[in-house]
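The values are calculated or read from the model by the stated rules, or taken from the named source; none is laboratory data. These numbers were taken from a predicted model, which means no experiment stands behind them. Don't worry about glycine lacking a Cβ; one is built from the backbone with ideal geometry, like all the others, and counts go over all protein chains shown. These accessible areas exclude ligands, DNA and RNA; they are computed on the full protein's heavy atoms, side chains included. Shrake-Rupley method; radii C 1.70, N 1.55, O 1.52, S 1.80 Å.
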Amino acid sequence: MAEKINIDDTNEIPEVESIDQQQSDLSIVQGILCLSRIKRHFKYLKLNDEQKKLYKKLLAESKTLSETKKRQYNKNNIFEVENLNFWYANGTKQALYEINCKIKKNKVTALIGPSGCGKSTFIRCLNRMNNLIVGASHTGNIYFYDGTNLKSKKLNTLELTTRVGMIFQKPSPFPMSIYDNVAYGPRSHGIHDKKTLDPIVHGALKEAALWDEVKDNLFELGTSLSGGQQQRLCIARAIALKPEVLLMDEPTSGLDPIATSKIEVLINNLKEHFTIIIVTHSMAQAQRISDETAFFYQGRLVEMDTTKNIFTRPKEKRTRNYISGKIG
């Protein structure tokens, strides 16, 4: 282990600062930065001199980054994630550790890994959904689309959730008609003219491969549809706003094989117009639909590569063990 030894003119035992201590200081300081301003102040007073220096450095960096775009941003990427750490329960439970990755535009990226490894936490960081959880906090930076930092005050939450749509594990149509479900987003953005709404609803339902099944029943309740149809309705509702990204958190886990197959075909068709990031527990599904795959384990991103390489030539032993069923 690398060590930094400070030797003075006395004969005292030299102080040793290990890499483990540096990582410990970093974790402590990052946790404090995520607290409210008042709590942060009292926690800061308890830090030693080295930790206070690190705190001031990270605080200055976070203020600068939250106001600016990333200068060297690859426009082929939809997200660039740097040093992302995430905590629940007021900083007492860390769910993500130093996540670094780049997610490409107009590709399907699958997130795989055992339950509780951080996949869903990560995907919800990409549209600030985790900000709604009491006691949740994070450090690090996520850059979006053109290099805009998600912390930027110039990117409000409504704009972000419009541009980054979310499809949940359990279909969640609103208790209103099929038509009104799809029109809900455009109406919330001030579009109320039926002549404008009709083609939006028609186009979204067609893109979601649902139009032919519901065109004669548009004013029946969305909740009256089958599970697979409800999930496609939720996809139609999301794409009606023309987002750049669709986040999908296990969208087929509760569906039968036929409905699952329809969703998978839909995903492959949608990637021509949208970037799709999908959490899945099915390695077979990841291989069928994704271009890139990221393997998470115990809150860490172990490996990310093309799906073909992940499943045929993984570089990391833990990836090989998960794919072969030795861990999980």
- What is region 189-257 by shape, rounded, prolate or oblate, if you read a ≥ b ≥ c off the alpha carbon gyration tensor as root eigenvalues and call it rounded for a/c under 1.5, prolate for a/b larger than b/c, and oblate otherwise? oblate
- Note on the structure: Taking a ≥ b ≥ c as the square roots of the Cα gyration tensor eigenvalues, with a/c under 1.5 meaning rounded and otherwise prolate when a/b beats b/c or oblate if not, region 102-147 comes out oblate
- Evaluated at 37 °C and 0.692 mPa s, the Stokes-Einstein D of region 226-328 based on the Kirkwood radius over Cα pairs, in µm²/s, stands at 223 µm²/s
- Task: Roll a 1.4 angstrom probe over the protein heavy atoms and tell me the percent of accessible area of the chain that is carbon or sulfur.
- Result: 51 percent
- Message: Heavy atoms of the protein only, probe of 1.4 Å, neighbouring chains included. What is the accessible area of Ser224 in Å², nearest 10?
- Response: 70 Å²
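Based on DSSP H assignment, which helices of the chain show an axial Cα extent of at least 15 Å together with a mean Kyte-Doolittle hydropathy greater than or equal to -0.5?
Numbers: long enough: 19-33 (21 Å, 0.15); 49-65 (24 Å, -1.14); 178-188 (16 Å, -0.58); 194-207 (19 Å, -0.46); 227-239 (18 Å, -0.11); 257-270 (19 Å, 0.69).
For the chain, where a helix must reach 15 Å along its axis and average at least -0.5, the hits are 19-33, 194-207, 227-239, 257-270.
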- Message: Over the chain, with the other protein chains present, what is the accessible area per residue in square angstrom, probe 1.4 angstrom?
- Response: 54 Å²
- Message: Among Leu155, Leu84, Leu247, whose Cα projects farthest towards the positive end of the dipole of the chain, with charges put on the beta-carbon of Lys, Arg (+1) and Asp, Glu (-1)?
- Response: Leu155
- Item | Longest site-free stretch - the chain; sites: GluC sites (Glu not before Pro), DSSP loop, at most 10 other Cβ within 10 Å | 13-271
- Item | the chain, relative contact order in percent, only Cα pairs under 8 angstrom and at least six apart counted | 20 percent
- Please calculate the 1.4 Å probe accessible area of Ile191, with all protein chains present, and give it to the nearest 10 Å². 60 Å²
- Per residue, the convex hull enclosing the alpha carbons of region 54-209 has a volume in Å³ of 159 Å³
- Message: Can you sort Leu233, Leu132, Leu241, Leu218 by solvent-accessible area, 1.4 Å probe, largest first?
- Response: Leu132, Leu241, Leu218, Leu233
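Leaving ligands and nucleic acids out of the surface, order Phe79, Phe174, Phe219 by accessible area at 1.4 Å, largest first.
Phe219, Phe174, Phe79
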- Given charges at beta-carbon only (K, R positive; D, E negative), |dipole| of region 200-328 in Debye: 640 debye
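Shape verdict for the chain, please, from the Cα gyration tensor: rounded (a/c under 1.5), prolate (a/b greater than b/c) or oblate.
prolate
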- Query: What pairs in Lys195/Lys242; Lys154/Lys206; Lys105/Lys317 have C-alpha atoms more than 22 Å from each other?
  - Reply: Lys154/Lys206; Lys105/Lys317
- Going by accessible area, probe 1.4 Å, with all protein chains left in place, what is the ranking of Tyr145, Tyr88, Tyr55, largest first? Tyr145, Tyr88, Tyr55
- Compactness relative to 2.2 N^0.38 Å, alpha carbon Rg of region 107-199: 1.32
- Stretchable slack from Lys93 to Asp198, in nm (0.36 nm times residue separation minus alpha-carbon distance): 33.1 nm
- In nm, give the distance between the simple-model label positions of Lys52 and Lys215, each being 7 Å from the Cα along the Cα-to-Cβ direction. 7.2 nm
